[in-house]
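Novice: Below: one structure in structure tokens.
The values are calculated or read from the model by the stated rules, or taken from the named source; none is laboratory data. Just so we're clear, the structure is a prediction, and the values are computed from it rather than from any experiment. All Cβ positions, even for glycine, are placed from backbone atoms using ideal geometry, and neighbour counts span all protein chains on display.
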Amino acid sequence: MTTLFENVRDHVADRGYVAVIHESDQSPTNGPGRPIAPPTYAGEKGTPAFAFTGDAYVPTPDTTGWHTTLRRDSNGDPVRAGRVCVSSVPAESGRGEEALWHSQKRIGVTLPGIIVGPPAEADADAAIAQTRKSTKSASAAQLNQAEAEARSAFKDFEVSTWTAAHRQADAWIKYAANPDDGSQIWQGGVLRDLITSASVYDGDALYRHFPNSGYAGMWLSSGVSRRHRIPRAYSSEIVGYEATGISRAATKLDVTGGASRDTALTIKDGELINAKGHKPSDLGFGQIPTSPRETLFQCGFILQQSSISLPVFRSFQYADDDDKRKARAAATVYTLLAITAHELAAEDAFLRSECSLVRGASRWGWRSSGNGPESIETLEVTDADTAAEALRDAVASAADVGLAFADPIHVPMSRVQAVIVAERVAREVSKSTTENDD
């Protein structure tokens, strides 16, 4: 058994500890203080918006390096400065879960869950036929292209409870097809019962089939008599502090000398023709200037702070577990799943265009009751492979007390879901080959 496994096992059983915590310093790969692009959200009138606060408190490290205090001015008052979200709590959770799912061979653990794959042949054919009927303005060539691309999308389709945003409560899972009779899972049957039973009240089912919901949380809000809410135990966010917006603009030049704005152009059946419809700049011809606007942020420092709440794991109930052996074993696995997911995600610090980060100083610790550096005990986590080795020990130990991961469950997408995919593809094909680019 690894030292990390034994450390986690012993600490999760001690109620004096309330969380695993983590911090890491982050910097843009092209140098400290370089502008980065934060995520955008829906703003007014379709303009992008950022999760920015102009007068947030600024954390500062104590003598041990942990950011347990706030920066204060000469009068002892907290300093306020700009704060921008660089990667949100849901985004970081999803990055970690996806990293675990795609690293199963590396970590040496086969993860359970429900995997939605291509539709049955009859459902694929029916979806294509329905899409042909509903896409009334498309030409025969467009319909044929859309069918070919839709069938390719069907072939490559895969969504799992590890990659879907709402895990087993996600619409792509609930409305997939039962493999036995083709009915949708949420209409009834064994899989619906499995999804609705996995909760804090049935920790056995939760652990066996949906362990990522055990540490990342889940909310099943409809279709059941009891609404299941599993709190998010793992919480991680990357934040830029002392942040200020940076304006930027660009002009696309035309090496041929430009184009007259009076030239009439449009696209029909994928062909560019001279006809009233668009200015040349609408279709990429001529010089295209843009107005300056804030799209980047410059940050004094970027910090990732994370926690794994142990009381969440201690709230799960297990059958025939008066001695709490199952509860402790599962809590150990959940903790190491979260740590391994975090370390795997940290290896890929490219978040989006113009936002690639490099991790600097990184520290893990056990948080006990109280405040200040004395409440934090160091936890040694070297890297993702070290965490994965401890995870394998934890999974094996849990199996010894009657908790084992189930085999993954494969189901096809339903006919209605196939229509969703086919009609989305048809619309994209239509947009790329006509002037109606709405």
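Novice: Could you tell me which residue of the range 234-283 is nearest to Ser88 (Cα to Cα), considering only residues that are in contact (Cβ under 8 Å) with a residue 24 or more places away in the chain and among the basic types (Lys, Arg)?
Specialist: Among those residues, the one meeting the criterion is Arg248.
Novice: Then there's this: Regarding the range 175-183, can at least one residue be identified that is in a helix (DSSP H, G or I) and either under 24 Å from the mean Cα position of the chain (by Cα) or not hydrophobic (A, V, I, L, M, F, W, C) (or both)?
Specialist: no
Novice: Inside the range 219-254, can you point out the residues that are in contact with a Leu (Cβ under 9 Å, 6 or more places away or on another chain), among the hydrophobic types (A, V, I, L, M, F, W, C) and modelled with pLDDT under 95?
Specialist: Passing the criteria: Ile230, Ile246.
Novice: Confirm whether Ile238 is more than 30 Å from Ile339 (Cα to Cα), in the same structural domain as Thr340 (by TED's automatic domain parsing) and not in a loop (DSSP other than H, G, I, E, B).
Specialist: no
Novice: Looking for something surrounded by fewer than 18 Cβ atoms within 10 Å (Cβ to Cβ), assigned to a loop (DSSP other than H, G, I, E, B) and in the same structural domain as Pro39 (by TED's automatic domain parsing) - is there at least one such residue anywhere in the range 52-61?
Specialist: yes
Novice: Let me ask something additional. Find the residue count for the range 177-201, including only residues that are modelled with pLDDT of 95 or more and closer than 21 Å to Val401 by Cβ.
Specialist: 0
Novice: With the range 322-438 as the region, which strands (runs of 3 or more DSSP E) entirely inside it contain at least 1 residues that are modelled with pLDDT under 95?
Specialist: It comes to 350-352, 355-368, 376-379.
Novice: Among the residues in the range 267-282, are any within 30 Å of His67 (Cα to Cα), at pLDDT below 85 and touching a strand residue (DSSP E or B) at 6+ places or on another chain (Cβ under 7 Å)?
Specialist: Looking for residues that are within 30 Å of His67 (Cα to Cα), at pLDDT below 85 and touching a strand residue (DSSP E or B) at 6+ places or on another chain (Cβ under 7 Å), one finds none in the range 267-282, hence no.
Novice: Quick check on my filter: what residues within the range 241-254 are assigned to a loop (DSSP other than H, G, I, E, B) and touching a strand residue (DSSP E or B) at 6+ places or on another chain (Cβ under 7 Å)?
Specialist: Of everything in the range 241-254, those that are assigned to a loop (DSSP other than H, G, I, E, B) and touching a strand residue (DSSP E or B) at 6+ places or on another chain (Cβ under 7 Å) turn out to be Glu242, Ala243.
Novice: If you don't mind, another one. Regarding the range 68-76, can at least one residue be identified that is in the same structural domain as Ser353 (by TED's automatic domain parsing), at pLDDT below 95 and not in a strand (DSSP E or B)?
Specialist: yes
Novice: Does the range 85-98 hold any residues that are small (Gly, Ala, Ser) and either in a helix (DSSP H, G or I) or in contact with a Cys (Cβ under 7 Å, 6 or more places away or on another chain) (or both), and which are they?
Specialist: Ala91, Ser93, Gly94, Gly96
Novice: Continuing with this model, one more query. Looking at Gly82, Gly33, which one is within 13 Å of Phe301 (Cα to Cα), of a type outside the set (Lys, Arg) and not in a loop (DSSP other than H, G, I, E, B)?
Specialist: Of Gly82, Gly33, the one residue that is within 13 Å of Phe301 (Cα to Cα), of a type outside the set (Lys, Arg) and not in a loop (DSSP other than H, G, I, E, B) is Gly82.
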